[in-house]
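The block underneath contains the structure these notes are about, expressed in structure tokens.
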Amino acid sequence: MKTTGIARAHTNIALIKYWGKKDKALFLPMNSSLSLTLEAFYTDTKITLDKTLEKDEFYLNNVLQQEAEIQKISKFLDLFRIPAKETRFARIESYNFVPTAAGLASSASAFAALAGAMHQAMGWDLSRSELSTYARRGSGSSTRSLFGGFVEWNQGTNSEDSMAIPIDDASWDIGMLIVVVNGAAKKISSRVGMEQTVATSPFYPAWVESAKTDLEEIKIAIQEKNFTRMGEIAEFNGMKMHATMLASQPPFCYFEPDSLIAQQQVVYLREVLGIPAYYTMDAGPNIKVLCKASDLDKVRDHFEQYFASEKLITSHPGEAMRTLTEEEWQE
Ligand code: DP6
């Protein structure tokens, strides 16, 4: 017997960052975080549970993946299979929709789509927040990709309540420009980077403390639709996260020279040209510029003076994880 599930999930960019785990096995974070889901980047995944399969198979963009990758996915699917006593193996087919040259393939959309597809294949009926606790155990940031717009990952106190909560659908003139400084895979993964920071950075306790305040304040700014305040808090929070890494032992840093050029241009946009824009950066050198959707063309045009146009990707807010029909999957 075969059962299938198909889902699409979009990636998200944190405005209040998740950086550090208090429980590595369960992916419980040291602090709550908040993100914006993006329309431009997503993953489609189909899962077929099939009695005739002798092991799990995982194809990404039509390429059969290596054993190590398959094991990660198998372990993730077992979170669903074991409690349900489901013994069938699965064929997993995934497509990452990421504009060419971006190199931004993200574990956030991947595990959220996987969770969505598996949830459907198993015939379960969890709420999105409940399902986010499963996605979390594939990759922390994927917790937030279960919802669209602005999403909080409330750290909670245990594996059942460390979940995503929708905050606002971001349908009020919100946009993002991604400046691809370097599309190559990062040297230090976020998983390793955050672990090293928690273990060695004397700035880390200050990060955890101030992230709490940032989260409370950004939620107020979002509720009031105060773009400037929201951008200021996001920029402040992102740079504080990077400061913890500069102070870890050994120190490490995701900045590249072009990251600084992009940051300076964001400041130029708002201070000289009067266009509200704020930057944030994750565990890599690319810059994400938070701006108004109505300013996206202007912001992009400005950056074209400094970066090749294929390195500039604009996005509107994205929607929640959703299941796809067989017809939508075929397209
Ligand atoms: C800097 O979710 O990739 O992007 O939970 O170990 O898989 P794991 O880490 P991951 O870390 C994301 C870190 C970040 C900030 C964020 O997205 O909140």
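The values are calculated or read from the model by the stated rules, or taken from the named source; none is laboratory data. These numbers were taken from a predicted model, which means no experiment stands behind them. Cβ sites come from the backbone with ideal geometry, for glycine too, and all protein chains shown count toward neighbours. Accessible surface is based on the protein model in full, side chains and every heavy atom, while ligands, DNA and RNA are left aside. Shrake-Rupley method; radii C 1.70, N 1.55, O 1.52, S 1.80 Å.
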For the stretch 237-248, in order, what is each residue's ³J(HN,Hα) by Karplus, 6.51 cos²θ - 1.76 cosθ + 1.60 with θ = phi - 60°, in whole Hz (x at glycine and Pro)?
-> 5, x, 5, 5, 4, 5, 5, 5, 6, 4, 9, 8
Lys and Arg at +1, Asp and Glu at -1: neighbours of residue 203 with Cβ under 14 Å from its Cβ sum to +1
What angle, in degrees between 0 and 90 and rounded to the nearest 10, separates the Cα long axis of helix 204-223 from the longest principal axis of the Cα atoms of the chain?
-> 90
Full extension between residue 273 and residue 64 adds, at 0.36 nm per residue less the Cα distance, a length in nm of 70.4 nm
Pairs beyond 29 Å (Cα-Cα), from 17/311; 51/75; 46/85; 22/46; 51/72; 75/219 | 22/46; 75/219
Return the long-range amide H neighbours of residue 162 (sequence gap of 5 or more, or a different chain), with a cut-off of under 5 Å between placed amide H atoms.
-> 157
Size of charge dipole - the stretch 182-331 - debye, nearest 20, with Cβ of Lys, Arg +1 and Asp, Glu -1, no other charges | 480
In whole Å, largest first, the alpha carbons of the stretch 1-94 cover along the principal axes 45, 31, 24
A student applying the Cα gyration tensor rule (rounded when a/c is under 1.5; otherwise prolate if a/b is larger than b/c, oblate if not) would label the stretch 71-170 oblate
Which net charge results when you count Lys and Arg as +1 and Asp and Glu as -1 among the other residues whose beta-carbon is under 15 Å from that of residue 250?
-> 0
Distance (nanometres) between label positions extended 7 Å along Cα→Cβ at residue 87 and residue 185 = 3.6
Have a look at 249, 280, 325 and report the one farthest towards the positive end of the charge dipole of the stretch 240-331, computed about the Cα centre with Cβ charges (Lys/Arg +1, Asp/Glu -1).
-> 249
For the stretch 255-280 and the stretch 172-207, compute the distance between their C-alpha centroids and round to whole Å.
-> 18
Pull out a ≥ b ≥ c, the square roots of the eigenvalues of the alpha-carbon gyration tensor of the stretch 163-301, then state rounded if a/c is under 1.5, prolate if not and a/b is larger than b/c, and oblate in the remaining case.
-> oblate
Residues meeting the amide H criterion for residue 279 (H placed from the backbone, H to H distance under 5 Å, 5 or more places apart or on another chain) are 290
Report the extension gain between residue 236 and residue 328 in nm, rounded to one decimal, defined as 0.36 nm multiplied by the number of residues separating them, less their alpha carbon distance.
-> 29.1 nm
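Please state, as a whole number in µm²/s, the translational diffusion coefficient that the Stokes-Einstein equation yields for the stretch 247-309 at 37 °C and 0.692 mPa s, with Rh defined as the Kirkwood radius across alpha carbon pairs.
Rounded to a whole number, D works out at 261 µm²/s.
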Could you do me a favour and compute the accessible area per residue for the chain, 1.4 Å probe, result in Å²?
-> 44
Cα centroid distance between the stretch 5-65 and the stretch 296-331, in Å?
-> 19
Mind checking the full-extension length gain between residue 247 and residue 224? Use 0.36 nm per residue of separation minus the Cα-Cα distance, one decimal, nm.
-> 4.8 nm
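How many percent of the accessible area of the stretch 186-293 is carbon or sulfur, using a 1.4 Å probe?
Numbers: 2890 of 4980 Å².
Summing carbon and sulfur atoms, their accessible area is 58 percent of the total for the stretch 186-293.
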Rh by Kirkwood over Cα pairs, then Stokes-Einstein D for the stretch 145-199 at 1.306 mPa s and 10 °C, µm²/s = 109
Rounding to the nearest 20 debye, state how big the charge dipole of the chain is about its Cα centre with +1 on each Lys and Arg Cβ and -1 on each Asp and Glu Cβ.
-> 820
How large, in Å, is the chain by the Kirkwood hydrodynamic radius built from its alpha-carbon pairs?
-> 20.2
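Could you compute Rg(Cα) / (2.2 N^0.38 Å) for the stretch 187-237, with N its residue count?
1.41
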Using a 10 Å cut-off on Cβ atoms, rank the peptides 70-78, 281-289 from the highest mean neighbour count down.
-> 281-289, 70-78
